[in-house]
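Presented below is the structure to which this report refers.
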């Protein structure tokens, strides 16, 4: 390349534009990776890449003369660090997802202030599921034992591992027959709750937990603008996030001004499915959205279920 062309065109115009484009592509792809892994893995990955960037920049700065080949090598090294760290993070995330039970339905339960939240759960019957237990009581041990009788006597049908707060654990619960169950914390026996195993065909199928209420997130949009729920009873919503590498959730508020929060579902990174336990709500109309993408929103209509249609015909 002629020195005149290099000094007047490549160095002042083409090179900066090319650097900006390459950095944008690397950062965009890297952000997709970080959003698809756990916060801990994302932090570790970002630190590794930052170290690679500093190392490559230090090497380039130590050169007596920074040439185009030096800059290209630096950008290539940064991209290589990003891909290597991202690949390791995705592999770890994949192993974690496999340990969490793969495609099992997920039911969420928390412990806070020495009490379960919620105290009533609906779970799928006839198939194994994941009970995602979030112990929010700092330095306080909790667990979940599931019984098939209200007296909580005998051996539990599922004994959950005791975990210290603040810790989240995924319990792999075996298939339960349809019916009523009861759960408690073995460390704090007053902490109890009820569990209803509902027969169905899993997420999206007839008779699924939540009375057949399923909400899908795809292409950064919900598949419905209205969620209809029964009044005055706890229920569940099966939330299917189909946006790969993107976090979504469902949160309920009293109005569009978000005056009062009624329910805030766990953020999940797609593709993934979770069963949200929703507390009992009074009859009325509320507002729902994704807290990550507020443009994803709609109305929550809570009321008594519609009765059977009246018979028609001549008398």
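Every number here is computed from the coordinates shown, using simple stated rules; none is lab data. Source: prediction; values computed, not measured. Glycine also receives a Cβ, built like all others from the backbone with ideal geometry; neighbour counts cover every protein chain displayed.
Taking the DSSP beta bridges in region 209-308 as the whole, what percent of them are antiparallel, to the nearest 5?
Values: 22 of 31 bridges.
Antiparallel bridges make up about 70 percent of those DSSP assigns within region 209-308.
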inquiry  = How much length would be gained if the chain were fully extended between residue 19 and residue 175, taking 0.36 nm per residue of separation minus their Cα-Cα distance, in nm to one decimal?
reply    = 50.7 nm
key: Residue-span extension gain [residue 112 to residue 233] - 0.36 nm each, minus C-alpha spacing   = 41.4 nm
Estimated inter-spin distance, residue 136 and residue 43, nm [label 7 Å along Cα→Cβ] = 2.0 nm
key: Range of Cα positions in region 209-308 per principal axis (Å), largest first   = 39, 30, 19
task = Go through 265-271, 42-48 and give me the packing order, highest mean Cβ count within 10 Å leading.
result = 265-271, 42-48
ask   = In whole percent, what relative contact order does region 102-199 give with Cα contacts below 8 Å and a gap of six or more residues?
value = 34 percent
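Ranking request for peptides 234-240, 216-222: highest mean number of other beta-carbon atoms within 10 Å first, then the rest in descending order.
Output ranking for 234-240, 216-222: 234-240, 216-222.
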ask   = In vacuo Debye scattering of region 102-199, one point per C-alpha: log10 I(q)/I(0) at q = 0.20 Å⁻¹?
value = -0.94
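Full extension from residue 220 to residue 28: what is 0.36 nm times the residue separation minus their Cα-Cα distance, to one decimal in nm? It would help to have the intermediate numbers written out before the result.
Details: separation 192, 0.36 × 192 = 69.12 nm, distance 1.68 nm.
Working it through step by step, the gained length comes to 67.4 nm.
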